[in-house]
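Chemist: Have a look at this one.
The values are calculated or read from the model by the stated rules, or taken from the named source; none is laboratory data. Nothing here was measured: the structure is a model prediction, and the numbers come from that model. Note: ideal-geometry Cβ built from the backbone for every residue, glycine included; neighbour counts use all protein chains shown. Each accessible area value is taken on the protein alone, full model and side chains, heavy atoms only, with ligands, DNA and RNA left out. Shrake-Rupley method; radii C 1.70, N 1.55, O 1.52, S 1.80 Å.
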Amino acid sequence: MKTKVILIGGAGFIGHNIALRLKRDNYEVFVVDGLNVNNLLTFQERDVENRSLYRSILNNRLDLLQNEKIELQVQDARSYHSISKIIDQYNPDIIIHLAAVSHSNRSNKDPHSTFDHSLRTLENVLDASKGKDKLPHLIYISSSMVYGNFDGKEVKEDDPLNPIGIYGTLKLSGELMVKAYNQVFGIPYTIIRPSALYGERCVSRRVSQIFIENTLLGKEIIINGDGKEKLDFTYIEDLYHGIFRCIESKNSKNQIFNITYGEGREVKELIKILENKIAKVNLNYLPKSELTPERGTLSTKKARELINYRPSFNLERGYNLYIDWYLKFFKNFKKQNVI
Ligand SMILES: NC(=O)c1ccc[n+]([C@@H]2O[C@H](COP(=O)([O-])OP(=O)(O)OC[C@H]3O[C@@H](n4cnc5c(N)ncnc54)[C@H](O)[C@@H]3O)[C@@H](O)[C@H]2O)c1
């Protein structure tokens with residue numbers, strides 16, 4: 001019998017990529033997503049920047065899921081009864097919880113809906129999972145934002161947690177809830193803290209994506225700060241490998257792991273790679289928001305030792321792959337659309 005995996009928020013950037021890879025690795029995969037946050041319904045509005053490009057990328061996600069015969073149930077996970085019914089009927093071995101407002105600026109602008117999409121959905125999933133004969137293994141996708149400022153050091157899983165703002169605080173609250181449901185109801189969990197992910201079909205408008213798009217569209221690239229800020233840029237395939245190791249290794253149970261490439265790199269280094277590949281870019285610098293913590297490298301030592309995690313996409317390798325994909329997608333998109 002195949003291992004059954006449900007991904008809640010599974011049509012998002014991370015979710016659909018993980019669903020496709022799990023299917024390729026012979027898991028039975030089921031996706032639940034409301035398509036309502038940073039997804040097709042969001043990009044219905046006319047005045048959203050690059051709307052038609054993003055809709056095309058999002059439709060491409062759905063086509064890929066359909067081509068792989070991965071079932072997608074369009075469902076808002078804020079509905080407790082609907083989520084309980086899905087979990088009861090599907091009876092999964094693994095649940096990966098991804099639903100959220102996955103962007104710290106957007107979370108600060110709308111804490112109320114961020115709470116609902118992130119924490120309400122998580123609590124629904126936890127509550128619907130308790131008391132089952134077969135307790136599912138819950139994999140909660142948290143974030144490096146739970147640490148707050150890194151203070152120039154490599155952060156480890158047991159370092160102090162001082163999130164700044166709504167997003168990181170809700171992520172930490174989610175971690176505590178996951179642990180509490182383990183204490184009270186025995187639901188096994190793994191908490192994953194990724195950082196600065198990039199890769200195919202992302203529409204979240206983080207630096208790695210916007211830099212490529214603005215270069216292709218001949219627009220100025222804005223760096224908030226001096227470009228020397230370090231982020232632990234992580235290619236989506238490395239995150240998949242980390243999640244795969246968490247599913248496969250018994251040592252992952254009731255543990256927290258940083259799952260990143262494991263090396264802080266300056267934001268400016270993305271520009272160097274882009275210029276080598278596409279064209280000289282037009283750069284402008286603006287002040288960095290005080291609500292953005294100072295980040296850098298996350299230690300992957302624990303994941304390497306306990307679950308044999310072996311990231312293999314340094315920034316040069318991963319970002320070049322992402323740019324190659326974008327160039328191809330953009331060329332096809334331009335053939336069919338006027339931008
Ligand atoms: N992308 C990153 O760099 C990054 C880094 C660290 C952590 N994370 C976390 O990983 C998770 C996934 O991030 P992503 O980048 O794929 O974001 P995303 O915005 O692309 O995907 C989130 C998905 O969740 C769905 N969703 C939201 N609320 C829902 C609800 N109420 N019911 C059903 N579906 C709902 C959305 O429709 C969307 O498809 C998030 O929890 C995010 O906080 C992401």
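Chemist: Of the beta bridges DSSP finds with both residues in the chain, what % are antiparallel, to the nearest 5?
Modeler: The answer is about 5 percent antiparallel.
Chemist: Determine the relative contact order of the stretch 99-195: mean sequence separation of Cα pairs under 8 Å and six or more apart, normalised by residue count, in whole percent.
Modeler: 38 percent
Chemist: Using the structure shown, list the pairs from K4/K134; K171/K228; K179/K301 with a Cα-Cα distance above 18 Å, or answer none.
Modeler: K171/K228; K179/K301
Chemist: Starting from the exponent 0.38 and prefactor 2.2 Å, build the expected Rg for the stretch 43-86 from its residue count and divide its actual Cα Rg by it.
Modeler: 1.52
Chemist: Once the convex hull of the C-alpha atoms of the stretch 78-144 is built, how many Å³ does it hold per residue, rounded to a whole number?
Modeler: Taking the convex hull of the Cα positions in the stretch 78-144, it is 76 Å³ per residue.
Chemist: Could you work out the relative contact order of the chain, using alpha carbon pairs under 8 angstrom and six or more residues apart, expressed as a whole percent?
Modeler: Relative contact order of the chain: 17 percent.
Chemist: For E200, what charge total do you get from the other residues with a beta carbon under 12 Å from its beta carbon, if Lys and Arg give +1 and Asp and Glu give -1?
Modeler: Summing Lys/Arg as +1 and Asp/Glu as -1 gives +2.
Chemist: Carbon-plus-sulfur fraction of the accessible area of the stretch 66-136, 1.4 Å probe, in percent?
Modeler: Roughly 45 percent of what the probe reaches on the stretch 66-136 is carbon or sulfur.
Chemist: Tell me, what is the per residue accessible area of the stretch 1-126 in Å², probe radius 1.4 Å?
Modeler: 45 Å²
Chemist: Under a 1.4 Å probe, what is the accessible area of the stretch 213-339 per residue, stated in Å²?
Modeler: For the stretch 213-339, the per-residue accessible area is 51 Å².
Chemist: If the chain between N91 and M177 were fully stretched, how many nm would it gain, using 0.36 nm times the residue separation less the Cα-Cα distance?
Modeler: 28.8 nm
Chemist: Kindly provide the pair-distance distribution of the stretch 106-165 built from C-alpha pairs, with 5 Å bins from 0 and whole-percent values in order of increasing distance.
Modeler: The percentages, shortest bin first, are 4, 14, 18, 17, 16, 16, 9, 4, 1, 0.
Chemist: Consider all pairwise Cα distances in the stretch 197-264 and report the whole-number % of them above 19 Å.
Modeler: Here the tail beyond 19 Å accounts for 49 percent of pairs.
Chemist: Taking a probe of 1.4 angstrom, what is the accessible area of L176 in Å², to the nearest 10?
Modeler: About 100 Å², rounded to the nearest 10.
Chemist: What residues of the stretch 132-171 lie in the reach of a label at K301, counting those whose backbone N is under 15 Å from a point 7 Å from the Cα along Cα→Cβ?
Modeler: 153-160
Chemist: Measure of size requested: the Rg and Dmax of the stretch 27-174, with Cα atoms as the atom set and Å as the unit; please supply both.
Modeler: Using the Cα atoms of the stretch 27-174, the pair Rg, Dmax is 17.0, 49 Å.
Chemist: Please give the helix 315-336 orientation as an angle from the longest Cα principal axis of the chain, in degrees from 0 to 90, rounded to the nearest 10.
Modeler: Tilt relative to the chain: about 80 degrees.
Chemist: Continuing with the same structure: In whole percent, how big is the carbon plus sulfur part of the accessible area of the stretch 208-322, probe 1.4 Å, protein atoms only?
Modeler: Its accessible area is 45 percent carbon and sulfur atoms.
Chemist: Going through the stretch 179-263, which trypsin sites (Lys or Arg not before Pro) have at most 11 other Cβ atoms within 10 Å and a DSSP loop state?
Modeler: K228
Chemist: Rank L98, L135, L274 by accessible area, highest first, at a 1.4 Å probe radius?
Modeler: Sorted by accessible area, descending: L135, L98, L274.
Chemist: Enumerate the aspartates and glutamates that K109 could reach by cross-link, defined here as Cα to Cα under 17 Å, with residues fewer than 8 away along the same chain left out.
Modeler: E290
Chemist: Restricting to Cα atoms and excluding each atom paired with itself, what does the Kirkwood estimate give for the chain in Å?
Modeler: 20.4 Å
Chemist: Another one. Just to confirm the number: angle between the C-alpha axis of helix 268-277 and the first principal axis of the chain, 0 to 90 degrees, nearest 10?
Modeler: 70 degrees
Chemist: Shifting gears a bit: Taking the Cβ of L217 as the center, what net charge do the other residues with Cβ under 14 Å away carry, scoring Lys and Arg +1 and Asp and Glu -1?
Modeler: The answer is +2.
Chemist: Sticking with this structure for a sec: Among the aspartates and glutamates, which have Cα under 16 Å from the Cα of K272 when same-chain residues fewer than 8 positions away are ignored?
Modeler: Straight-distance partners of K272: E213, E220, D226, E229, E316, D324.
Chemist: For the stretch 4-71, what is the Kirkwood estimate of the hydrodynamic radius, computed as the reciprocal of the mean inverse distance between distinct Cα atoms, to one decimal in Å?
Modeler: 12.3 Å
Chemist: While we're looking at this one, here's another question. Working out 0.36 nm times the residue gap between W325 and K134, then minus their Cα-Cα distance, what length gain in nm do you get to one decimal?
Modeler: Length gained, W325 through K134: 64.7 nm.
Chemist: Ok, one more. With θ taken as phi - 60° and the coefficients 6.51, -1.76 and 1.60, list the Karplus ³J(HN,Hα) couplings across the stretch 127-142 in order, rounded to whole Hz; mark glycine and proline as x.
Modeler: Couplings: 5, 6, 8, 6, x, 6, 4, 10, 6, x, 7, 8, 9, 9, 8, 8 Hz.
Chemist: Hey, another quick one. Return the distance in nm (one decimal) between the two label points of a simple spin-label model at N60 and E275, each offset 7 Å from Cα along Cα→Cβ.
Modeler: Distance between label points: 2.7 nm.
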